[in-house]
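Heads up: the structure comes next, in structure tokens.
The values are calculated or read from the model by the stated rules, or taken from the named source; none is laboratory data. Because the structure is a prediction, the values reported are computed rather than measured. Note: ideal-geometry Cβ built from the backbone for every residue, glycine included; neighbour counts use all protein chains shown.
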2 protein chains.
Amino acid sequence: MQTHIIPPNQALAAALQQKIDRKTKPLGALGRLEALALQIGLVQQTLEPELRQPQIVIFAGDHGAARAGVSAYPQDVTWQMVENFLAGGAAINVFCRQMELGLSVVDAGVNHDFGKRDGLIDAKIAPGTANYLEQPAMTAEQRDAALQRGREIAHALADNGCNCVGFGEMGIGNTAAASLLTTCLIGAEHGADLYTVTGPGTGLDDTGLAHKRELLKQALRRGGWPTEPLQALSEYGGFEIAMMAGAMLGAAERRMLIVIDGFIVTSALLVAHALNPNLLPYCVFAHHSLEPGHRVQLSFLMSQPLVELDLRLGEGTGAALAWPLLQAAVNFLNHMASFESAGVDSA
Amino acid sequence: MQTHIIPPNQALAAALQQKIDRKTKPLGALGRLEALALQIGLVQQTLEPELRQPQIVIFAGDHGAARAGVSAYPQDVTWQMVENFLAGGAAINVFCRQMELGLSVVDAGVNHDFGKRDGLIDAKIAPGTANYLEQPAMTAEQRDAALQRGREIAHALADNGCNCVGFGEMGIGNTAAASLLTTCLIGAEHGADLYTVTGPGTGLDDTGLAHKRELLKQALRRGGWPTEPLQALSEYGGFEIAMMAGAMLGAAERRMLIVIDGFIVTSALLVAHALNPNLLPYCVFAHHSLEPGHRVQLSFLMSQPLVELDLRLGEGTGAALAWPLLQAAVNFLNHMASFESAGVDSA
């Protein structure tokens, strides 16, 4: 999939910084919100940015390897949680209502027939990936279809007036897939050895975690360590991860702000970034997950998330919780008085 | 001032934890929000807590020492910023509007005559403290009046139905006062030597900071290192700091949730805590300030703030920015589905 992403023109940076610096506060006193305001202004190429129709999109998919024991939960929990999203009862529903964020759910490849449902985008590639312990998780055709479908979903959001999208995911077994992608795409030489980037996911105990690591070693013995992003995605990816990668690229093509959640979403970003690094200036990193591999990913991408709340839930909950900070950055830039307008002496 | 604070009864903790654990998420997956939900439930002694009429209250006061050069800004900025608050143009106004928080401003001792104004509570003890380089900052009568007035302000908020108050402050020179209080009340043996807890405040350069440290050493040579909170407050405090300490104690008496902002607000908490340590379970620490002494205070109080955004603005901005996390903690506890209600399998 060829994508065309224009990095934000930096010419506006000086004027944005000047606007930030004349606000009635000591220089730099709003800390990371100031950097965020600058970034959002550059992404939107304006001194008066606006976050329009912000959305969380949850991509859901099943993993063939889930039944081999890489997760603490049974595979059925994927579709059950999709039902929970559609019924409004999950954490992400609560947070989206609070933050007044739109929410949609994409069936990228759940092993369940939902029928036609309000709030659910049917983009099912197949009812779950193949088991990567035995064969590649997906074919090249499936992978390319997932990427392309994700890109179209992002373009459709932009067409409907949304300029800011937060990514979330649901898929029993997807921290395992994310660990495999992370070790392949970052490499042990940058700290992403399999042991380090494999964590308890939704809550494996020590025995469960040891078993998960053993299974993932077995997967790597079968499929190798592909460093090429498309090949890594075919071997170990999930449909939800592939579709998120495509959607991130599509969002950056349309100059949307991209809000990155935790470990699994960042594994999709690793794929997208390897395909087109120009998307990175469009990304805001919402939170620091407790999943140990997230630290390695963030360090590789030289990115610092906004908050650290020891979350390890996924669903886009970190993106939703960090949302008010993005809005606050835009609001202070647009609505705070300047020293001149308020008649306050500067230092 | 005698205060009567009942520490939250812990008997409800098990039932609250059980309610948290049955939500449709892996155990502990909402991280620090879960601890926050537990705390708020205990403060309010209910399984269904509610944050009612949340308020930010900014306490403003002037410092006699400001004219000796402890700040990068002239003393007039205190009243000018109060005018900015009243006009709605400061950072805290922007954030309170966004978060739908009430905002009031208390004139605890600003060197300016505001007259009668909407949104301004006149609690002026005197037009600024005395210069602690020459004499104690306030008399025992002034100090006690400030504490008592703060307590009454908190009680009045509670009487009007507010059960959650965030503290903010404004006062040119008040990081210097906070540094002196911090070194006296924590002591060098706990890492609060004057050098460590004196920082650039609103933005002193290295020369300015060295000068500030020199002046504060001079102040300590005059007034000594009182470890008794009331005596320390008299020697070095500000009226806004004393009034905040009283208001915190009053808020805890009325079982309100107390949201602590940055370095100066925490210096008021050190005073309040020394007067009645029972208030601590009512406090939520909003953010980690860039002012270096804040780290020492937090470590002394064994408290971890919710966010770290490199803020050093005051006004209660950190408290306002962390606000959605408090609301999110309450919301997930009240509105998320349980495994049973959603029909989701647990691990």
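Brief remarks on what is shown
- In segment A:5-15 there is no residue matching the filter, namely being closer than 24 Å to A:ALA342 by Cβ and buried (at least 17 other Cβ atoms within 10 Å of the Cβ).
- With respect to the stated conditions, B:THR139 fails to be in contact (Cβ under 8 Å) with a residue 60 or more places away in the chain, under 23 Å from B:ALA272 (Cβ atoms), in contact with a strand residue (DSSP E or B) (Cβ under 7 Å, 6 or more places away or on another chain) and hydroxyl-bearing (Ser, Thr, Tyr).
- Tally, over segment B:328-347, of residues that are at pLDDT 95 or above and in contact with a Pro (Cβ under 8 Å, 6 or more places away or on another chain): 3
- Some residue of segment B:45-53 being among the hydrophobic types (A, V, I, L, M, F, W, C), buried (at least 22 other Cβ atoms within 10 Å of the Cβ) and either more than 20 Å from B:CYS283 (Cβ to Cβ) or modelled with pLDDT under 95 (or both): no
For every residue, the table says whether it meets (1) touching a residue at least 12 places away in the same chain (Cβ under 8 Å); (2) in the same structural domain as A:GLU169 (by TED's automatic domain parsing); (3) crowded, with 22+ Cβ neighbours inside 10 Å; (4) of a type in the set (Phe, Trp, Tyr).
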site: A:ASP62; (1), (2), (3), (4): yes, yes, yes, no
site: A:ALA72; (1), (2), (3), (4): yes, yes, no, no
site: A:MET81; (1), (2), (3), (4): yes, yes, yes, no
site: A:PHE85; (1), (2), (3), (4): yes, yes, yes, yes
site: A:CYS96; (1), (2), (3), (4): yes, yes, yes, no
site: A:SER104; (1), (2), (3), (4): yes, yes, no, no
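- Test: residue in segment B:271-290 that is farther than 15 Å from B:VAL43 by Cβ and at pLDDT below 95: yes
- Tallying residues that are closer than 18 Å to A:MET248 by Cβ and either of a type in the set (Val, Ile, Thr) or at pLDDT below 95 (or both) within segment A:155-214 yields 3.
- Within segment B:290-315, tally of residues that are surrounded by 24 or more Cβ atoms within 10 Å (Cβ to Cβ), over 21 Å from A:LEU309 (Cβ atoms) and more than 10 Å from chain A (Cβ to nearest Cβ): 3
- Residue match in segment B:260-281 (condition: crowded, with 24+ Cβ neighbours inside 10 Å, over 22 Å from B:GLY191 (Cα atoms) and in contact (Cβ under 8 Å) with a residue 12 or more places away in the chain): no
- Set A:ALA66, A:ALA11, A:ALA37, A:ALA29: member being in contact (Cβ under 8 Å) with a residue 12 or more places away in the chain, small (Gly, Ala, Ser) and over 30 Å from A:MET138 (Cα atoms): A:ALA37
- Candidate set: segment A:324-347, residues that are facing another protein chain (nearest Cβ under 8 Å) and under 18 Å from the mean Cα position of the chain (by Cα); chosen: the one farthest from B:ILE20 (Cα to Cα): A:LEU325
- Count - residues of segment B:197-236 that are closer than 18 Å to B:GLY171 by Cα, polar (S, T, N, Q) and either within 14 Å of chain A (Cβ to nearest Cβ) or surrounded by fewer than 21 Cβ atoms within 10 Å (Cβ to Cβ) (or both): 1
- Scanning segment A:71-124 for residues being of a type in the set (Val, Ile, Thr), out of contact with any strand residue (DSSP E or B) (no Cβ under 9 Å at 6 or more places or on another chain) and over 19 Å from B:THR24 (Cα atoms) gives a total of 0.
- Restricting attention to segment A:244-259 and to residues that are part of a loop (DSSP other than H, G, I, E, B) and not aliphatic (A, V, I, L, M), the residue that is surrounded by the fewest Cβ atoms within 10 Å (Cβ to Cβ) turns out to be A:ARG255.
- Count - residues of segment B:148-204 that are touching a Phe, Trp or Tyr at 6+ places or on another chain (Cβ under 6 Å) and over 26 Å from B:VAL70 (Cα atoms): 0
- A:GLY115 vs. criteria at positive phi and in contact with a helix residue (DSSP H, G or I) (Cβ under 9 Å, 6 or more places away or on another chain): no
- Within segment B:154-176, restricting attention to residues that are of a type in the set (S, T, N, Q) and part of a helix (DSSP H, G or I), the residue that is surrounded by the fewest Cβ atoms within 10 Å (Cβ to Cβ) is B:THR175.
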